Every structure is written in structure tokens, then in C-alpha cells.
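Asks: Sharing a structure below in C-alpha cells format, with a few things to ask.
Just so it is clear, none of the values below were taken in a lab; they were calculated from the coordinates. None of the values given here were measured: they were computed from a predicted structure. Every residue, glycine as well, gets a Cβ built from its backbone with ideal geometry; the counts of neighbours run over all protein chains shown.
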Amino acid sequence: MPGSCPPEAPNPPWLGNPMLAPLGEARCSDLARRFPSARHPEGERLAEVGEPVSRVLVLHEGVVRQYHRMADARESLVSLVCGPALLGHAELLAGRRWVTSVSAFTDVALSWMPAAALAALVEGHPAVARAILRQVAMTACVLAHDQRQVFAMLEQRVANLLLALAELQEGDDPRVIEGLTMPMIANSLGSIRRTVAKVVAGLSRRGLIVRRENGDFVLLEPGALEELARPIRGGLIITAEGSLPDPPPIEEPGAEVEILEGPALRGQRFLVDRELLIGSHPRCHVLLGDGQASPWHCRLYRASSSLRYWVEDMASAAGTRVDGRRVDRAVLRGNEVIEVGETRLLFRVETTPARQAR
């Protein structure tokens with residue numbers, strides 16, 4: 001797996017931990033003496049969900065993973081935490097047990113600090129309390145950001161995981177991820193190995209990645225993977241001085257209909273906002289002088305729970321057709337031709353300025 005700790009330094013870098021640095025060099029040296037560092041190999045379990053937090057984990061070097069073990073023994077990745085960092089402090093301050101399991105993702109160097117010792121630091125040093133509060137807040141933001149993965153396609157999640165692992169890689173080529181297996185990817189994403197294998201094969205066919213005979217993954221097109229994973233990037237790796245990109249604004253697509261053919265209004269365009277009523281009734285937004293159009297013939301609308309547009313027939317006599325097919329209700333994705341009596345309307349998404357519906 002990517003990276004490992006360098007040989008342990010005689011004096012672990014407590015002063016390099018942003019949450020403990022406000023204590024100063026002398027106090028950090030005292031902590032290093034009181035709570036000596038120990039090395040733990042990749043894969044070693046460090047904490048189990050549900051255990052009491054009697055001590056906090058002070059991570060000096062390396063990467064640990066927070067995860068949940070599922071009923072079928074799969075392990076779903078929550079986040080990768082890079083040293084220097086603290087773990088267990090949030091649960092301790094909240095009076096909770098460990099809310100995730102923790103294991104060494106790479107070889108790590110860490111110390112265990114009794115809960116009482118951390119509590120004394122927080123109470124006696126406001127600067128430490130502020131630094132820990134900032135890290136807790138940042139972690140909460142990262143995890144909230146990461147919840148978007150639940151709604152993302154597996155292809156995006158695989159791309160995001162590969163990019164995150166590449167960031168942690170310490171080899172000569174940052175595009176190469178060593179020792180990564182298909183079960184490891186599946187377990188990390190809480191998915192089925194067969195499904196993950198299909199996604200990986202698809203990325204390989206597109207020339208984005210390749211898997212060498214020795215099992216290493218090579219990211220051939222990191223830029224394309226970044227674009228694929230863009231909606232969920234930034235949510236797997238947590239660092240003490242971490243940051244997140246501001247979430248992109250939701251771009252609500254505009255939509256319009258243009259009268260292509262009909263007894264009247266040919267060439268005119270109407271914006272589709274929340275709802276556009278079409279028919280021969282004077283109160284319709286698009287008033288058709290069409291003898292075959294019912295008073296309330298159909299409506300176009302945008303679903304309140306999504307950005308999708310729909311057309312719905314309103315029990316008209318002649319019916320509503322979309323691209324020649326009669327429908328009661330149908331999704332509109334753009335460039336469909338809607339037939340209302342003798343009138344044909346073209347539906348478009350991402351409009352140019354059009355006449356506002358009455």
C-alpha cells in the first residue's frame with residue numbers, strides 16, 4: 001500500500017502537531033517523554049467501534065483509516081487521516097465511545113495519551129482548546145462533504161479513491177499505486193468485488209488507468225480522473241491543517257419551448273420555470289389557437305426534488321405526444337418535440353433569453 005513511515009525519530013514531532021504546538025517546545029518535549037512513541041505496522045487494528053475512549057491516539061507519522069465493519073465482514077472506508085493528528089479526542093469531548101474502527105493504513109508512529117491528560121491540556125491551555133476545536137470543525141466539514149459519495153456513481157467513487165491513494169504514495173512516480181488489490185478497493189468502498197472489477201475494467205478500456213502484471217495501478221490520465229471524480233473530490237483524506245474546496249454552486253438549467261408548427265405563435269419561445277401550462281384556455285401560459293387542443297391540455301414542469309423537467313398530459317381529448325409517442329407523463333432531457341393537437345413545440349434545456357410565460 002502507498003507509503004510508510006520513515007524510521008522513528010528519537011523525539012517524536014509533538015511540536016509539529018498543530019493541535020499541540022501552542023504548548024511550546026519544552027511542554028511538547030515533556031509529552032514526548034511521558035508518552036513515548038511506538039511503531040505499528042500497516043493493517044494493525046488500533047481501535048474498535050463501541051470501545052470506551054480511555055485514551056486518545058496521537059498520530060505522529062503515517063496514515064490511519066477510519067472505517068465501519070459491515071454485517072457481511074466488508075469494511076467500508078470513512079476517511080484516511082494523515083499524521084500529525086489526534087484521534088478519539090472528538091469522542092472523548094462528546095462523552096462517546098469510538099464511533100468508527102481505526103487501523104494503520106501505512107506503517108505508523110503514534111503515542112497513546114490518557115484521556116485525563118488531554119482533558120487537562122484542553123482545560124489549562126485555551127490555545128490548545130481552540131486548535132482542537134478548529135480540527136474537530138474541519139473534520140466535520142470533511143465528513144459532511146464526503147456524504148455526497150453515497151449519491152455518486154461507483155465509477156466516481158473508484159476514481160476518487162485512486163486519486164486519494166495516489167496523493168499518499170511516496171514512490172518515485174506519484175501516478176503508481178503499489179500493492180492495491182481489487183478486494184481492497186471493494187472493501188474500501190463497501191461494494192461488491194465483481195461490480196468494482198467491472199468499473200476498473202471500464203476505466204482501463206477508456207485509457208484512464210492500467211493495471212500492471214505485478215498488481216500495481218498506474219493512473220494514465222490523472223486529469224480525466226479528476227474531472228470524473230470532481231463532484232466528490234476532497235472528502236477522503238483528513239489532515240490537521242486540511243482544507244476543502246468550496247462546494248460548487250448548483251447550476252439550475254434553464255429550459256424553454258419554441259413553437260415549431262401550428263395555427264398560431266410559430267417561432268415564439270416561452271420559458272419553462274416551475275410550471276408551464278399549455279392549452280386553449282385563456283389562463284394557460286401558452287395559449288394555443290388550435291382547435292384540437294384541450295382547454296388544459298398539458299403542462300411542463302420542473303420537479304421540486306430534482307432538476308429534471310417533465311411533461312404531463314392533463315386528460316386531454318387528443319393526447320400529448322413526445323417524439324411521436326403518446327405519453328401520460330415523461331421526462332424531458334432536451335431537444336424533444338412535443339405535439340399538442342396540430343401544434344409542435346421543441347423543448348430545450350439551457351436556454352437563450354426567451355419570452356417570459358404570461
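Asks: Considering the dipole of the chain built from charges on the beta carbon (Lys and Arg +1, Asp and Glu -1) around the Cα centre, which of 215, 282, 88 is farthest to its positive end?
Replies: Of 215, 282, 88, it is 282.
Asks: Something else now. Counting only Cα, what are the radius of gyration and maximum Cα-Cα distance Dmax of the range 63-198, in Å?
Replies: 16.9, 54
Asks: Sequence gap at least 6, Cα distance under 8 Å: using those rules, report the relative contact order of the chain to the nearest whole percent.
Replies: 14 percent
Asks: Cα-based Rg of the range 36-89 per 2.2 N^0.38 Å, rounded to two decimals?
Replies: Compared with the compact-globule rule of thumb, the range 36-89 sits at 1.18.
Asks: Let me ask another. Relative contact order of the range 1-131, please, whole-number percent, based on alpha carbon pairs below 8 angstrom and at least 6 residues apart.
Replies: That works out to 35 percent.
Asks: If contacts are Cα pairs under 8 angstrom and at least 6 residues apart, what is the relative contact order of the range 271-339 in percent?
Replies: 23 percent
Asks: Within the chain, which DSSP H helices have Cα atoms that stretch 24 Å or more along the helix axis and a mean Kyte-Doolittle hydropathy of at least 0.0?
Replies: 126-146
Asks: Taking R0 as 45 Å, what's the FRET efficiency between residue 329 and residue 119 from their Cβ-Cβ distance, rounded to 0.05? It would help to have the intermediate numbers written out before the result.
Replies: Working: r = 60 Å, r/R0 = 1.33.
The calculated FRET efficiency here is 0.15.
Asks: Here's another thing I want to ask about it. Per residue, how big is the convex hull of the chain when only Cα atoms are used? Give it in Å³.
Replies: Output value, Cα hull per residue: 197 Å³.
Asks: Find the centroid of the Cα atoms in the range 162-234 and in the range 275-354, then give the distance between the two in whole Å.
Replies: Cα centres, the range 162-234 to the range 275-354: 44 Å.
Asks: Run the helix sum for the chain: -39,500 (n - 2.57) per DSSP H stretch of 4+ residues, divided by residue count, reported at 222 nm to the nearest 500 deg cm²/dmol. All intermediate terms of the calculation are to be shown ahead of the outcome.
Replies: Working: 8 runs with 91 residues, N = 358.
Per the formula, -8000 deg cm²/dmol.
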